[in-house]
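Working notes for the structure below.
The values are calculated or read from the model by the stated rules, or taken from the named source; none is laboratory data. All figures in this text were calculated on a predicted structure; none of them were measured in a lab. Neighbour counts are summed over all protein chains in view; Cβ atoms, including those assigned to glycine, are modelled from backbone coordinates with ideal geometry. Accessible surface is based on the protein model in full, side chains and every heavy atom, while ligands, DNA and RNA are left aside. Shrake-Rupley method; radii C 1.70, N 1.55, O 1.52, S 1.80 Å.
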Amino acid sequence: MNLVNDAHETEYGELPAITVSAPGRFHLIGEHSWFFRDKTLSMAVNLPVYVAVSVRDDASVRFYFPQLNERKRASLSSLKFRKEDRWANAVKAIIYGFTSGGFTVKGLNITVYSDILPSAGFGITTAIKIGSAVAINNLLDLNCSQAQLLQVIERGNKLFLNAGNFLADNFSALYSKKGTLLLTDHSKASWQNIPFDFNDKVILLTDARVPRISTWDKETMLEPENALLLGDLKEKKNNVFGGWAYNADPTDINETLSVVSEDMRRKLLCIMYEHNNVLLALQGIEKNNFGMFARAVNRSHESMRDLYDISCPEIDWILKRVGELEPNLEDVRNPVTCGRITGKGFGRCLYTIVRKQDVETLTKHLKDYERIFGFHPLTYEVVPSDGVKIVED
């Protein structure tokens, strides 16, 4: 807190009038299923982004990111997206979200403070947006309700950034609670905190530092016809979380998906498996059965790798080493470890959940990874954390 305030005071000559903390985040399962109105399981983590704000006496906006030693500027009367502004565009999107909704915004001095840079992923860009939205709303007494604040964020994402507005991203930054996961139900636009009590485990979030590449255009999946096909395979089931599951009959599945290409069929199958994996993970958490939860995570990565085509050899290598931590490799029906690629895919980030006694061995494997592949991974030990909050002195 002092470092944030000091940075703001050094840059602008005054202490911030408000400082907000928003968490980093990763999705455990289901982040690619939003278009099909499925479910996403997420974890807000103790990788905070701080947004400190004070009011100016003109219509200018100044942005400062100490860790990058970057300064940006904009005018409220001509707020524009500029590619070179990168992280500052996230804040400008929120300002646009307010002004386009009829709210009056004054000139602002804004400091974004994060030891994890937005380029790493981990929900840092979303944290900047959420932190900025809450800070501006409270500082300027705009009195936005939660629903209005979500609309501000949506307008900023869609109309200013021309990007997707992902409920699971927003909900996990806004509503997460310490010691819980957050479940987003896209069919109901709702969220729920799920207690996560595997306290004997260590959660490691790793940036594998693999250059991101794109091997296929995900937008090709986001067609109404594909959503209708999967909708035909949904069945009401009162005994499962959320009240429905996908049809498991191979004949029905093959017949329904016979109208799409083989590549698209595999990806739609992956979406179906993801929903089943979310349900299995939730069942494991509810029963305090880590083995059941871990099976869901490991199966999800296999689907991401084999059907959705978004993993890479480097991340697969790390996760294979995680699998070798199992005490009984002859029987992995009740695993004590798990891991999965997370985020946009095509390289970069993964998470692993292991026993405390296995952390040292996994750390050694990551050193081997650097020697073999030439990428220097960054790993963070994380815990489920609270969502956005105003930081008190």
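Each row is one residue, and each column tells you yes or no for (1) over 20 Å from L41 (Cα atoms); (2) among the basic types (K, R); (3) modelled with pLDDT of 95 or more.
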{"site": "H275", "(1), (2), (3)": "no, no, yes"}
{"site": "Y308", "(1), (2), (3)": "no, no, no"}
{"site": "G345", "(1), (2), (3)": "no, no, no"}
{"site": "R348", "(1), (2), (3)": "no, yes, no"}
{"site": "K364", "(1), (2), (3)": "yes, yes, yes"}
remark   = Among residues of region 102-122 being open to solvent by less than 40 Å² (accessible area, probe 1.4 Å) and outside any strand (DSSP E or B), the residue nearest to S60 (Cα to Cα) is G107
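Based on what the data block shows, is S303 under 21 Å from the mean Cα position of the chain (by Cα), open to solvent by less than 20 Å² (accessible area, probe 1.4 Å) and small (G, A, S)?
Judged against the criteria, S303 is a match.
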key: Residues within region 176-193 that are crowded, with 19+ Cβ neighbours inside 10 Å and closer than 15 Å to V45 by Cα, tallied   = 5
The lone exception for D309 - which of (1) closer than 17 Å to I353 by Cα; (2) surrounded by fewer than 21 Cβ atoms within 10 Å (Cβ to Cβ); (3) under 21 Å from the mean Cα position of the chain (by Cα) it fails = (1)
Of residues in region 1-10 being in contact with a strand residue (DSSP E or B) (Cβ under 8 Å, 6 or more places away or on another chain) and either farther than 22 Å from I130 by Cβ or aliphatic (A, V, I, L, M) (or both), the one surrounded by the fewest Cβ atoms within 10 Å (Cβ to Cβ) = L3
query = Taking region 319-369 only, how many residues are under 22 Å from the mean Cα position of the chain (by Cα) and more than 22 Å from L280 (Cβ to Cβ)?
reply = 5
ask   = Can you find a residue in region 202-209 that is part of a loop (DSSP other than H, G, I, E, B) and closer than 24 Å to T337 by Cα?
value = yes
inquiry  = Here's a check for you: in region 331-384, which residue that is polar (S, T, N, Q), out of contact with any helix residue (DSSP H, G or I) (no Cβ under 8 Å at 6 or more places or on another chain) and open to solvent by 20 Å² or more (accessible area, probe 1.4 Å) is nearest to P48 (Cα to Cα)?
reply    = T363
request  = Just name the residue that is nearest to L41 (Cα to Cα) out of those in region 162-173 that are open to solvent by 40 Å² or more (accessible area, probe 1.4 Å) and assigned to a loop (DSSP other than H, G, I, E, B).
outcome  = F166
